[in-house]
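Let me begin by presenting the structure, written as structure tokens, before commenting on it.
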């Protein structure tokens, strides 16, 4: 058996005790170092196991609490966002028709419908892409600028949504932000241009949960309406349409009938 | 006793009356706030300028001087252009401040500081109405966006003052 005792210093003074313990009469050898620091503290595994149990209990409680805090959508914490007043798009030289092809979420948000996390959370009732599509089509329809299908449209819009909801604020208010880019494509020529638009809104904070929900909803609605207005009444859209819009090819005149020569 | 009652009644009526008064007519048809640019060396996130823009628009709406607060790059009818203004500006300086100085010395030492140059122009002829220089400070313990809120309030205050000095402003 290898000896791990220190070779110098206190090794000089130790006592070897011999005794019998237990029923089986196993000889117990107890090396007692009278001056060695190695003998000062004996490991008490019973105490350690108590500490471990306490730590386990605490971590379990924390996990359960965290799971309970994770907001879940319920009817009472779900808001319905829609464009409150249809934005009238700008007028173009000729009546143009737009078709909303695709709306893609590019926010990179794992929970796009969760707009406010604290106090049980506030959720949107639909995905932001759906809200965006509905808002845009409503506005275009109100001005009779919505094409029934892709074929009949003068321009096809593909929307990329970058942000929809609340953004980081000063802490004294809610900062609503809607940001998107639209690819305006002329299906006849195949040429396209990107138009970006954004809408912001600031609303005061509230203490009561009901008021928080009201303010958040109002804030997002305002920011959404603002973004749609920024897009539909923006100079960027006007410039893009001006560049991409080519006059329709004149229809070929019917073949002129040769006059019948009368003899 | 009767006289006192009458006096109270008159005073109450006098206090309530301004509440029924109509809001003053807006002096301008529309105002357009643009995103502020950042000078070289200004270490602020793009979100800060977004927030400043949003705060400025919120403050302009509150001021009730303008018929409509339009977003950046929105079209305005040619007829409305003479009665419309555009707010442009740039952040020229930003100091982060020091939380240690603020805690040890106090008395606004180590506070954050923001300097903003603003130009308010008439849309039709691009005539500069006023160009205030704003300097705001805040404790480093607060978020930097507090500075944006303060700056927006000061810009609107300056606009109000300039319009008051120049009469109608149109």
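The values are calculated or read from the model by the stated rules, or taken from the named source; none is laboratory data. Computed from a predicted model, the values in this text were never measured in an experiment. Neighbour counts are summed over all protein chains in view; Cβ atoms, including those assigned to glycine, are modelled from backbone coordinates with ideal geometry.
Can residue B:155 be described as in a strand (DSSP E or B) and touching a strand residue (DSSP E or B) at 6+ places or on another chain (Cβ under 6 Å)?
Details: in a strand (DSSP E or B): no; touching a strand residue (DSSP E or B) at 6+ places or on another chain (Cβ under 6 Å): yes.
Judged against the criteria, residue B:155 is not a match.
Look at residue A:106 and say whether it is under 24 Å from residue A:201 (Cα atoms), out of contact with any helix residue (DSSP H, G or I) (no Cβ under 7 Å at 6 or more places or on another chain) and surrounded by 17 or more Cβ atoms within 10 Å (Cβ to Cβ).
Working: under 24 Å from residue A:201 (Cα atoms): yes; out of contact with any helix residue (DSSP H, G or I) (no Cβ under 7 Å at 6 or more places or on another chain): yes; surrounded by 17 or more Cβ atoms within 10 Å (Cβ to Cβ): no.
For residue A:106, the condition - under 24 Å from residue A:201 (Cα atoms), out of contact with any helix residue (DSSP H, G or I) (no Cβ under 7 Å at 6 or more places or on another chain) and surrounded by 17 or more Cβ atoms within 10 Å (Cβ to Cβ) - is not met.
Quick one: would you say residue A:125 is surrounded by fewer than 20 Cβ atoms within 10 Å (Cβ to Cβ), more than 30 Å from residue A:245 (Cβ to Cβ) and within 14 Å of chain B (Cβ to nearest Cβ)? Let's see the steps before the verdict.
Numbers: surrounded by fewer than 20 Cβ atoms within 10 Å (Cβ to Cβ): yes; more than 30 Å from residue A:245 (Cβ to Cβ): yes; within 14 Å of chain B (Cβ to nearest Cβ): no.
Taking the combined requirement at face value, the residue does not satisfy it.
Quick check on the range B:124-142. Is at least one of its residues within 13 Å of another protein chain (Cβ to nearest Cβ), closer than 22 Å to residue B:110 by Cα and part of a helix (DSSP H, G or I)?
Looking only at the range B:124-142, we keep the residues that are within 13 Å of another protein chain (Cβ to nearest Cβ), and these are B:136, B:138-139, B:141-142.
Add one more test, that the residue is closer than 22 Å to residue B:110 by Cα, and what stays is B:136, B:138-139, B:141-142.
Retained after the next criterion (residues that are part of a helix (DSSP H, G or I)): none.
Looking through the range B:124-142, none of the residues is within 13 Å of another protein chain (Cβ to nearest Cβ), closer than 22 Å to residue B:110 by Cα and part of a helix (DSSP H, G or I).
In the range A:187-211, which residues are within 28 Å of residue A:239 (Cα to Cα) and crowded, with 19+ Cβ neighbours inside 10 Å? Outline the logic, then answer.
At the first step, the residues of the range A:187-211 found to be within 28 Å of residue A:239 (Cα to Cα) are A:187-201.
Correct list: A:195, A:197, A:198, A:199, A:200, A:201.
Being in contact (Cβ under 8 Å) with a residue 12 or more places away in the chain and within 27 Å of residue A:149 (Cα to Cα), is that true of even one residue in the range A:198-208? Write out each step before concluding.
Of the residues in the range A:198-208, the ones in contact (Cβ under 8 Å) with a residue 12 or more places away in the chain are A:198-205.
When the remaining residues are screened for being within 27 Å of residue A:149 (Cα to Cα), the result is A:198.
Checking the range A:198-208: at least one residue is in contact (Cβ under 8 Å) with a residue 12 or more places away in the chain and within 27 Å of residue A:149 (Cα to Cα).
Being surrounded by fewer than 15 Cβ atoms within 10 Å (Cβ to Cβ) and assigned to a loop (DSSP other than H, G, I, E, B) is the filter here; which residues of the range A:63-81 pass it?
Looking only at the range A:63-81, we keep the residues that are surrounded by fewer than 15 Cβ atoms within 10 Å (Cβ to Cβ), and these are A:63-70, A:72, A:74-76, A:80.
Answer for the range A:63-81, where residues must be surrounded by fewer than 15 Cβ atoms within 10 Å (Cβ to Cβ) and assigned to a loop (DSSP other than H, G, I, E, B): A:70, A:72, A:74, A:80.
Among B:64, B:143, B:164, B:127, which is the only one that is without any contact (Cβ under 8 Å) to a residue 40 or more places away in the chain and either under 30 Å from residue A:228 (Cβ atoms) or crowded, with 20+ Cβ neighbours inside 10 Å (or both)? Let's see the steps before the verdict.
Numbers: B:64 fails: without any contact (Cβ under 8 Å) to a residue 40 or more places away in the chain; B:164 fails: either under 30 Å from residue A:228 (Cβ atoms) or crowded, with 20+ Cβ neighbours inside 10 Å (or both); B:127 fails: either under 30 Å from residue A:228 (Cβ atoms) or crowded, with 20+ Cβ neighbours inside 10 Å (or both).
From the options B:64, B:143, B:164, B:127, the qualifying one is B:143.
Would you kindly identify the strands (runs of 3 or more DSSP E) lying entirely within the range A:140-253 that contain at least 3 residues that are within 10 Å of chain B (Cβ to nearest Cβ), in contact with a strand residue (DSSP E or B) (Cβ under 8 Å, 6 or more places away or on another chain) and on the phi < 0 side of the Ramachandran plot?
Values: elements: A:155-167, A:173-185, A:192-204.
Fully inside the range A:140-253 and qualifying: A:173-185, A:192-204.
Check residue B:116 against each of (1) part of a strand (DSSP E or B); (2) free of Cβ contacts under 8 Å to residues at least 60 places away in the same chain and name the one condition it does not meet.
(2)
Out of the range A:156-186, which residues are modelled with pLDDT under 90 and either more than 17 Å from the chain's Cα centre (by Cα) or surrounded by fewer than 20 Cβ atoms within 10 Å (Cβ to Cβ) (or both)?
A:167, A:168, A:170, A:171, A:172, A:173
If you scan the range B:35-61, which residues turn out to be surrounded by fewer than 16 Cβ atoms within 10 Å (Cβ to Cβ), more than 10 Å from chain A (Cβ to nearest Cβ) and either part of a loop (DSSP other than H, G, I, E, B) or within 14 Å of the chain's Cα centre (by Cα) (or both)?
Across the range B:35-61, the qualifying residues are B:39, B:40, B:41, B:43.
Looking only at the range B:85-110, how many residues end up being closer than 17 Å to residue B:34 by Cα and either within 14 Å of another protein chain (Cβ to nearest Cβ) or in a helix (DSSP H, G or I) (or both)? Break it down into steps so the answer makes sense when it comes.
Of the residues in the range B:85-110, the ones closer than 17 Å to residue B:34 by Cα are B:85-92.
Keeping just the survivors that are either within 14 Å of another protein chain (Cβ to nearest Cβ) or in a helix (DSSP H, G or I) (or both) gives B:86.
The qualifying residues number 1.
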